[in-house]
Amino acid sequence: MRSDPGPVAAPGLHTGRVPLCILLLFAPALLAAQQRAPHGVTITGRVTVAATAEPVPNALVALEAGAPATRTDSVGRYQLVGVPPGPQVLIVRSIGFAPTRVPLTVGTEGTITRDVSLARSALTLQRVTVTAEPTGRARGELGTASVIDRDAIANQSATSLAGVLELTPGVAVAPPGLDGVQQFSIRTAPIPTGGPASPLGPGAADLASFGTAIIMDGVPLSNNANLQSAGPRAELVLPSSAGGGIDLRRIPASTLERVEVIRGIPSARWGDLTQGAVIVDTRAGEVAPELVARYDPATVEASFVGGHAMAGGLQALSGTFDIARTRASPLRDDRASRVDAHVAHRWSSAPVTGAADAALPWVLDSRADFSQLYADNPEEPNVLPGYANASHDRSLRLNERLSGPGPRGTHFALTGALDVTQQRGFTQSLMTRGAQPFTDRLTSGRAIGHFIGGQYLADVKIDGTPWLLYSRAELTAAPRRFGFDHHLTAGGELRREWNAGAGFQYDVEFPPQSFFNGVAGFDRPRRYDAAPPVPTSGWYLDDRLLRIFPHNVSLEVQGGLRADVLHRGRWWLSKSRDAVLEPRLTAQLSPRPWLRLRGGIGNTAKLPSLGALSPPPEYYDVVNVNWYTSDPVERLAVLTTFLRNPTNADLGWSVSHQREAGVEVDVGHTGGVISVVAYRNTVMGGAGFASIPDVITREHYALSDSTIGTGQPPTIVEPATSVDTLPIIINRPSNDLTLLTRGVEMTAFFPEVTAIRTQLAVQGSWARSWFSVADIQFSQSQIDGIQLQSNIARIPYWQGFERFGERSLVTWRVIHHQPRLGLVITAVVQQDLKQVSRDIGATDTLAFVGYLTRDGQLVPVPPGDRTLPQYADIRRARVGLLPQPAAAPGDWLLSLQVAKTLPGDGRLSLYAFNVLNRVGQYERAGSTARLYPSVRFGLEVTLPGGAFAEMLR
Amino acid sequence: MRLPARSVWALTFGAVLLLILACEPSVVRYPTAGRTDTTGVDTSGGVIRKATLTVRLTIDPRDTGIANALGWAGGIPAGVQVAARRAGSSIELTASTDSAGIARYVNILEGNYSVSVVRVLDSAENARLSQSDRDVNALGGALALDVKAPGTDSALALAAGRRGSLVISEFSDEIPYVGGLGQYSYSGFVELYNNSDTTIYLDGKIIGNGQEGWWQYPTHPCQLISPLLGDSIGVWALWMYAFPGSGREHPLPPGGLIVVATDAIDHTPLFPEGVYDLSNADYESVGSSDTDNPGVPNLIWLGPNEPNTGHGMFYFELWPVPFLALPVDTASLPRQPNVINGKYYQRVPRDRILDIGQFEFDLSAYSSSAPPCTTNPVHPSLDQSPFFFRGLDGYSEQRRGVGRLPDGRKILLRTRNSARDFLSAPGTPFQLP
């Protein structure tokens, strides 16, 4: 339960097999944990009811960023000691009232007095936040972050986490709903990467080896073992998030308490990421019951949240339930639905007292999360006969976390989680192929085949069961050494991911691919459980230091080192297959309390997907005999099947090298903040597919009898009359992709114009990405040519290419707030300023770097020799690259949101996405399309527990 | 000391505005000044202009004797219908020549037009010709021109169309597409007809496909393939197949026809519409992945490329250029690369060409933003204007008939002008309609 901001990064130690290295990592923390002393500012004040000025006893008062925390006394007084300098958010909670957040800038010494008023509805508070916090910090993190709290989430009219993330810079707005896979990646320009699954390939956000980590309730969600992909040779594209980040539709917005988007360099606690992390806390603990219902023409959603304290506050049981359904288009029957339920229990050995010398209690958090996400796109015979697909995912996650006091003043935390998702689905498509010889052989060798052809229904059943076993042991200490306040964290993570599903199954004769050139064979069905499990371990040490200098100057440094190991065997005790060290450092200097200069540098690493680590074999079927008489009984097809294993034993982590530098300025006491951050992020070694040449042979046979009309097929005469060679290209997963992104993010929160109670918030993002493929490349038509034509002796190959994308986006939010009326109106203008993509690479006839021979050999040609006459046959222009920039025109759209209190402390929200129904612009000569979703009106009603009970009566 | 708030806000506003201005989209455009699309909508933002086109018909000087024999005063073809079609459009405009041999189109859109004429001779007219011209069955001609406002004048000389020998009587490269059911690419065929009065031996004769058209893409401009288009010396072949035999093993009598199939099988069980039973085809081409019917003789692949379908003979459906040729030694033919598709082409000399057609698919339904490099992939001396076809399932391109000989044999039109020589109709392989 993370609603109550208990000790952050609470320490812990895994009780199972403990390698020596983890003990060594823990040693500094243990040794350093001898001197603890609160250092910083004291905040005092009184908590009262806004309407009556009566004191609120036993209200929890805490820093949002973590400790310290306390409770008000019988007359509503509180005192927080040891508050660190910098921007802080004071959060005050009491059952029956809306949580109240008080942002303040804390100096290096002295006492601050802040009285806080509570109200039953956040809309009637003097201050309500409907955007990401302008100076927000993720708990325990110093890197640049966007923090989105419950008030902003409630105002966002989002159906899933994806809608909430629109509050971060550079993310485009979209109507709420469950249609389409929703994935997220921080700080990339949207460019296709030319990877698997489609001719253009997925975007950078969709590649598993690039990605943003999603951490829910302290445990990472993982999509690494999702194998719902048809592979690089398939013609069917499956509607799945496989090969990339998790599908965010799985996380309902209604159950979110807080979202921290670490855009900068995360601390060493977090692994398996290349582009930041999203830390998600779900609603739990003592939560006033609340029922929310939403309706718009596409989406219907209802959710219930409630939590009850027991045993004098030492225990709390809470639950959330969400059910949603989206029909993507009134013209189609496509629909998606979700059922999501969370149950959380917290046991605590002692309540929060606020006493400075009070020991932190033992806390045991238990969670069980169930999520069901169904997407059905049924066949519409009058529109696209034969085409249909469905994806039914059901996941269960169990999560236990024990924290408490450790030895010598340390704190520990143990986390264990088991996550299993049952993925059932199918996709079918009507396919057409010409009459051709065919074999269904599953192993290498020659076989009598038969003839197939015509239309058929490629019906693929997908049965996946990805598992994630996760554990974390962590120990923290807060010593004071050499004039610095330290916050030391050492820990280790163990992960094991595997897939126990029956796999990708279909009738071999009716595969999800119809093209066959007589050499490149059809893929065969694949069992997912044939892929061995992937065990990984991560060890880290992180220290966050604070030093306060005279004249209100403070320096914060967060440095850490993380080691991630991909193991060779099935468990963690096996040898390392690949290991990576990731140093990370972020520093923030505050010459004045209102000015913060921040910079960071560090590495992170991401694991390739299970599908890339254990790819299925590739099949090649070579036609030896092709005898197709009019009488079917006389026909004879003989084919030889070759299997090639594309597994790359050297495939390992992709590594991201990140840098950022920024400035943050608070302006006076007006609540205005300006933040500008520049960053550079280079992900190297992303998992793509390398083209590996190989060779197979084709045997030609004479027939025993070539007479037609005998009523029986002929037989082949051994041995073969001749044998020739055929080059093939194997798609081998390889760490050959690089993604470089540079950009600037700007956030400006203007102070409220008090006369009209209106505030302006602006977020801008400009990003340029370069995606490059390091491996050699061939022309597919030329591969077909050399495989089909014996007179082609060689074909050229080229070096990889680079794809460039640029995007700039500004989002304006105008927020009008009338506390007395309990009214908030939010107007959002998304302004798409620039979006360009183009390919960078030579396309002329001298761009080739070598050639492939018929026996599968690569022969490089020195640049100076490429003009020689003997290479005339391979001097061919390279096609497929688009060096001409493709630019989408600038445009904008406006969305509106109106939230108003209802009698009984309820809330009514009306939203209008793209209220002016701006279409954007269609594709035309020289520019690509920019099309916006059409207007969508909807409403949302929130009934608090009291009103809900009243309604039920 | 605090920063003055107003200054900071002013600077911030300024920074945001500068960011917006700096990031104004820079839209890349094709050089399309004055270009209009097939619907007549100007895509360059200019003004739609109308023009008058005047076409004066004359007679090719080599054929003035024919005009004189027909009694055309002053050699002027009067009352002849002239057809004009704007590039990319399927709408055909017609006008008849006046007594001065002039046809006029008024108030038409500017743009590239192909103008074509065929004047079929009836039996009475044919009887008036000299003995050496008795194989002339029509006069025809075509030209391509750019019509500009206020008007464009042009002249078109009609030439005699002769029967020839082996001709393409029917050609099906349609890829049947049934909405939602996909497309089927393997039931193509070419039907050949002996249009002469003597037996033709197919042995070693060649059936092939020439260089197709291309669009003017900024990244792949037309100059890259211009050497392969409209070559007066011959036809650049993408692929060629030869009939088996080396002597007189495969005769085709006068009035005889044969069908050459891509796949000599019954395609009708394999796709619901637009395909044929070709299991009784006379010849087939075999690739590396299709079926080989041993009861149907195979054509011999000569290179320089095998169609990528793996099923043998396959015509790209947008700009097919089927041709027939006398046997040639392919090793001696000049080769030239197409640097765009990476393939080599071989040039078949024009004096070896027996018959050739050029076809252009109706692209008006496509939203291609680049203009085509040419509407005539073949040099006008070989074929003057392409036939414009719509790509209807089950339809094929069929050579028009111009009458029958006394023995009942049909004679097909061959004015070396595909635009006039062919028509689209439901396919009838194995028979002349």
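In deg cm²/dmol and to the nearest 500, what is the mean residue ellipticity at 222 nm of chain A if only DSSP H runs of at least 4 residues count, each as -39500 (n - 2.57), divided by the residue total?
Helices in chain A give a 222 nm mean residue ellipticity of -1000 deg cm²/dmol.
So, R0 is 60 Å and r is the distance between the beta-carbons of B:GLU273 and A:GLN818; what FRET efficiency does that work out to, to 0.05?
0.35
Once phi is turned into ³J(HN,Hα) by the Karplus curve 6.51 cos²θ - 1.76 cosθ + 1.60 with θ = phi - 60°, what whole-Hz value does each residue of the stretch B:303-310 show in order, with x for glycine and proline?
Result, rounded to whole Hz: x, x, 9, 9, x, 6, 5, x.
To make sure I understand the rule: partners must be lysines, Cα under 28 Å from the Cα of B:LYS205, and not fewer than 8 residues away in the same chain. Which ones qualify?
Reachable lysines: B:LYS343, B:LYS410.
Determine the sum of side-chain charges near A:ASP564: Lys and Arg each +1, Asp and Glu each -1, restricted to other residues whose C-beta is under 11 angstrom from that of A:ASP564.
Neighbour charge sum, excluding A:ASP564 itself: -1.
Using a Förster radius of 25 Å, what is the FRET efficiency between B:LEU423 and B:ASN112 based on their Cβ-Cβ separation? Nearest 0.05, please.
Approximately 0.65, to the nearest 0.05.
5 Å is the cut-off here: which amide hydrogens, built 1.01 Å from N in the peptide plane, fall below it relative to A:GLY211, excluding neighbours closer than 5 in sequence?
A:THR274, A:GLN275
Can you give me the long-range amide H partners of B:ILE76? Hydrogens built in the peptide plane at 1.01 Å from N, cutoff under 5 Å, separation of 5 or more residues or another chain.
none
How much space per residue, in cubic angstrom, does the convex hull of the C-alpha atoms of the stretch A:316-420 take up?
So the per-residue hull volume is 124 Å³.
Please give the Cα centre distance for the stretch A:368-411 versus the stretch A:475-512, rounded to the nearest Å.
Between the Cα centres of the stretch A:368-411 and the stretch A:475-512 lies a distance of 17 Å.
What is the sum of charges around B:PRO327, taking Lys and Arg as +1, Asp and Glu as -1, for the other residues whose C-beta is under 12 Å from the C-beta of B:PRO327?
Local charge sum for B:PRO327: 0.
Run the simple label-point estimate for A:GLU509 and B:SER226 please: 7 Å along Cα→C-beta, distance reported in nm.
For the pair A:GLU509/B:SER226, the computed spacing is 5.5 nm.
Can you compute the modelled spin-label distance between A:ASP650 and B:ASP146, with each label point 7 Å from Cα toward Cβ, in nm?
5.6 nm
Does the protein assembly as shown classify as rounded, prolate or oblate by the C-alpha gyration tensor (a ≥ b ≥ c root eigenvalues; a/c under 1.5 gives rounded; else a/b over b/c gives prolate, otherwise oblate)?
Prolate is the answer for the protein assembly as shown, as a/c is 1.5 or above and a/b outweighs b/c.
Per-residue HN-Hα couplings for the stretch A:327-337, Karplus 6.51 cos²θ - 1.76 cosθ + 1.60 at θ = phi - 60°, whole Hz, x for Gly and Pro?
Listing the rounded values in order: 10, 5, 8, x, 8, 10, 9, 4, 8, 9, 9 Hz.
Could you quote the convex hull projected area for the stretch A:406-483, Cα atoms only and averaged over all directions, in nm²?
12.6 nm²
So which trypsin sites (Lys or Arg not before Pro) in the stretch A:79-135 are both in a DSSP loop and have at most 16 other Cβ atoms within 10 Å of their Cβ?
Taking the stretch A:79-135 and a limit of 16 other Cβ atoms within 10 Å, the loop trypsin sites (Lys or Arg not before Pro) found are A:ARG114, A:ARG127.
Output ³J(HN,Hα) for the stretch B:339-348: one whole-Hz value per residue in order, computed from phi by the Karplus curve 6.51 cos²θ - 1.76 cosθ + 1.60 with θ = phi - 60°, and x for Gly and Pro.
Values per residue, Gly and Pro as x: 6, 7, 9, x, 10, 9, 10, 10, 9, 8 Hz.
Mind giving me the nanometre distance, one decimal, between the label points for B:SER123 and A:ARG114, set 7 Å out from Cα along Cα→Cβ?
Each label point lies 7 Å from its Cα, and together they span 10.8 nm.
Grab the other residues whose beta carbon is less than 14 angstrom from that of A:ALA447, score K and R as +1, D and E as -1, and report the net.
-1
Working from the alpha-carbon coordinates of the stretch A:695-820, get Rg over Rh, Rh being the Kirkwood radius.
Ratio value, two decimals: 1.47.
Under 8 Å for C-alpha pairs, at least 6 residues apart: give me the relative contact order for the stretch A:82-145, rounded to a whole percent.
27 percent
In percent, what relative contact order does chain A have, based on Cα pairs under 8 Å that are 6 or more apart in sequence?
Once normalised by length, the contact order is 11 percent.
Can you compute the label reach from B:LEU392? Point 7 Å from Cα along the Cβ direction, backbone N cut-off under 16 Å, restricted to the stretch B:411-425.
Counting only backbone N, you get B:422-425.
How high is the FRET efficiency from A:VAL941 to A:VAL343, r the C-beta distance, R0 22 Å, rounded to 0.05?
Rounded to the nearest 0.05, the efficiency is 0.35.
For A:LEU760, A:LEU398, what's the fewest-to-most ordering of other Cβ within 10 Å of each Cβ?
With the fewest neighbours first, A:LEU760, A:LEU398 line up as A:LEU398, A:LEU760.
Hey, how many Å between the Cα centroid of the stretch A:855-914 and the Cα centroid of the stretch A:251-311?
31 Å
Would you pull out the residues with amide H under 5 Å of A:GLY454's amide H, same chain only if 5 or more places away, H placed 1.01 Å from N?
Close amide H contacts, sequence-distant or interchain: A:ARG433, A:GLY434, A:ALA435.
No value in this document is a laboratory result; all are computed from the given coordinates. Source: prediction; values computed, not measured. Don't worry about glycine lacking a Cβ; one is built from the backbone with ideal geometry, like all the others, and counts go over all protein chains shown.
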